Amino acid sequence: MTPTAEVLDPRTDPEPSYWAALRARAGLRADWAWPVLRAQAWSGRCPHLVTVMHDADGPVGVVNAGWVGLPGRWTSFLPVGARPRFGALHVRGPGSSAVPGWWMAGGTRALIGYQRAMRARLGPGCLATVLRQAVPAELSALGGRVLLSRLTEPIWSVDTAGMSGVDDWLRRLDKKRRSNLRVIGRKLADRVTVTITSGEAVSQAAEVTELLRGNNAKYKGPMHNPVPQLTGYIEELTAQPDTVTFRYTDPDTGRLVGVGIALDHPKTPVWRTWAMVPVDDGGVRDLYFLHITRLIEWVTANRRATLVLGKGKGRLKSSVGATATEQYAALLA
Amino acid sequence: MAMRWRRGYLRVVRSSFATVPFYRELWALSGRTEPEVVPGRTGVDGGAVRAAALAGRVGDLVPLAGGPTEIDPLRGLGPVLAEHLAVTAGTLVAVVDPGTPRPPVDLPAGVRSCVLDPSGLAGPYAGVLDDVTDHLRRGARVVAVGGDKDLDQLAAALPETLAHLVTRVPVRDPDDLAAPVGPHALIAHPLLGVLGGLGGCGRWHIDHPRVYLRATPAGPAYTLLRQRSPRLVDVLAGHGRPGWCPRHGTPVVEP
């Protein structure tokens, strides 16, 4: 039987009854929780469509895509009921750009059925499908359907399988970085207090959002104007039981000086977000490195096999034991 | 008039939902009424928001296109003074307030202004007080705006022969409109600025070109119609209910 597509708009469609089971089966992290998808979809400038592929036995695949096209919006959210007249489906992870935005029980080739179904649903204005975070094996599976593919930024991850703890991790790093991280750990021990929570909406959501905005502003440019992180989205995300929030506060003033959010997974948690007060504004120098240490501590204590650190800062991530995985963006015909 | 006033409000609601993160989130996920922006979602308190809930959220009140983040507690002072006290060129407006960060910026052309901290009239603000005194000696008009106690402190600091020449304009919080007041007074809120003034008819008139007032289950909610950023829509403040002045045919708040 050809799978059928159920196209959902998280803004208005209620959470499907099978959603929790599908998430668990597909290993989808907290950014796929329905309340999180809903908050995110409302804060978008284009429609976010979640498509579930079904066969006779139930769901067999799920895809998250932004329906990006013209007319586009730069300074406003998507109006209720509006949609582009023509454009492309941008298949991406809903909350993290480090992981793909699809899962197919039958393998990547099943995306062809998804593309066909979406063209039928969106009409001739759906000109193409763009896949992000694809690996070469997935592109081979799609064969001649791949019109164009381009190498994008690699994803960095630390193999933590079999590590007994932070000391074990430090032993595997080069001497200079190891010594540097130990000095930072001692230096910051009294200067910041770290609070790690899961399944608890962060109490200083507005402060967290402000920090994240400051961080995003660094990447803002004439061609890149990301929608700011919204407080409600952060509250929903951090309220998920499989989200881990690291809050760094000044022990004397209680001021939030840094925040990191990780999305847990039985094998491969993802470091989703990091933001800190700039050092010139009273922030703590080297807090970033302390956070990496705390992440490794958390991952090894919970026996996860791999910690995904995401894109960028390759030299730095390499120095803390991360290795790169090639990633491609592909245009499907 | 009522329809035009309402149309202005609907424009602000639509624009805020489309471009301002705070209202996008609040009204999309919870909802609002009059108007509903997501069919079937009616929210809490009709989508109005308590001023305390906006503390630390100024960044969320800026539209996606960007804009200022400063809150001006004296916003709207100029137009309201011009409307209710016929303040004209040559007048000195003295704001007496321990917390006022800067002089008003929207006074009519030719009107000068100054800010005085009542606790510093004999110290750092002595020079400003001298300016006020000189102005009175010259026979020019001085309008003093501030809390009752602050205005009393200013009067006590001025020479006895001049103090009575000052036009006193006490400021009332929106939840303090029932208390008796002199011929002139303003409604002001620390977040929203100056919302209106006491009319010659004895009613509290809303500065309707710039402020919209709406009744919600939690009390009156004020909207700034012309402040693009930070956007302040349906902010709950004080008590009372909206009404219309039978003499002037313009909106009032009834204590």
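The values are calculated or read from the model by the stated rules, or taken from the named source; none is laboratory data. Please read all numbers here as calculations on a predicted model, not as lab measurements. Using ideal geometry, Cβ is built from the backbone for each residue, glycine included, and neighbour counts are taken over all protein chains shown.
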Take region A:79-88 and flag every residue that is more than 10 Å from chain B (Cβ to nearest Cβ) and not small (Gly, Ala, Ser). A:ARG83, A:PRO84, A:ARG85, A:PHE86
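So that you can scan it fast, the table gives a plain yes or no per residue for (1) surrounded by fewer than 17 Cβ atoms within 10 Å (Cβ to Cβ); (2) more than 14 Å from chain B (Cβ to nearest Cβ):
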position	(1), (2)
A:THR12	yes, no
A:ARG45	no, no
A:ASP55	yes, yes
A:ALA65	no, yes
A:PHE77	no, no
A:TYR114	no, yes
Of the residues that make up region A:139-148, is at least one at pLDDT below 95, crowded, with 16+ Cβ neighbours inside 10 Å and either under 30 Å from B:LEU54 (Cβ atoms) or among the small types (Gly, Ala, Ser) (or both)? yes
Can you tell me which of A:PRO84, A:PRO59, A:PRO79, A:PRO71 is over 18 Å from the mean Cα position of the chain (by Cα), without any contact (Cβ under 8 Å) to a residue 12 or more places away in the chain, farther than 25 Å from A:TYR328 by Cα and not assigned by TED's automatic domain parsing to the domain that holds A:ASP242? A:PRO79
Test each condition in (1) closer than 21 Å to A:ARG45 by Cβ; (2) at pLDDT below 95; (3) in a helix (DSSP H, G or I); (4) not basic (Lys, Arg) for B:ALA52 and report the one that comes out false. (1)
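Yes/no matrix, rows are residues, columns are (1) among the aliphatic types (A, V, I, L, M); (2) more than 21 Å from A:THR193 (Cβ to Cβ):
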position	(1), (2)
A:ASP252	no, no
A:VAL299	yes, no
A:LEU309	yes, yes
A:GLU326	no, yes
Checklist (1) touching a residue at least 12 places away in the same chain (Cβ under 8 Å); (2) within 16 Å of B:LEU192 (Cα to Cα); (3) within 14 Å of chain A (Cβ to nearest Cβ) applied to B:ALA55, failing item: (1)
I'd like to check something: does region A:21-40 contain any residue that is crowded, with 17+ Cβ neighbours inside 10 Å, part of a strand (DSSP E or B) and either in contact (Cβ under 8 Å) with a residue 40 or more places away in the chain or not β-branched (Val, Ile, Thr) (or both)? no
Within region A:202-224, is even one residue surrounded by fewer than 21 Cβ atoms within 10 Å (Cβ to Cβ), in a loop (DSSP other than H, G, I, E, B) and in contact with a helix residue (DSSP H, G or I) (Cβ under 7 Å, 6 or more places away or on another chain)? no
Among A:GLN40, A:GLN133, the single one that is over 18 Å from A:GLN229 (Cβ atoms) and of a type in the set (S, T, N, Q) is A:GLN133
Just wondering, is there one or more residues in region B:120-131 that are buried (at least 18 other Cβ atoms within 10 Å of the Cβ), touching a residue at least 40 places away in the same chain (Cβ under 8 Å) and either farther than 25 Å from B:LEU191 by Cβ or in the same structural domain as B:LEU81 (by TED's automatic domain parsing) (or both)? no
Do we find that A:HIS265 is buried (at least 21 other Cβ atoms within 10 Å of the Cβ), modelled with pLDDT of 95 or more, not in a strand (DSSP E or B) and not small (Gly, Ala, Ser) in this structure? no
Among the residues of region B:3-38, which ones are at the interface with chain A (Cβ under 8 Å from one of its Cβ atoms) and not in a helix (DSSP H, G or I)? B:VAL37, B:VAL38
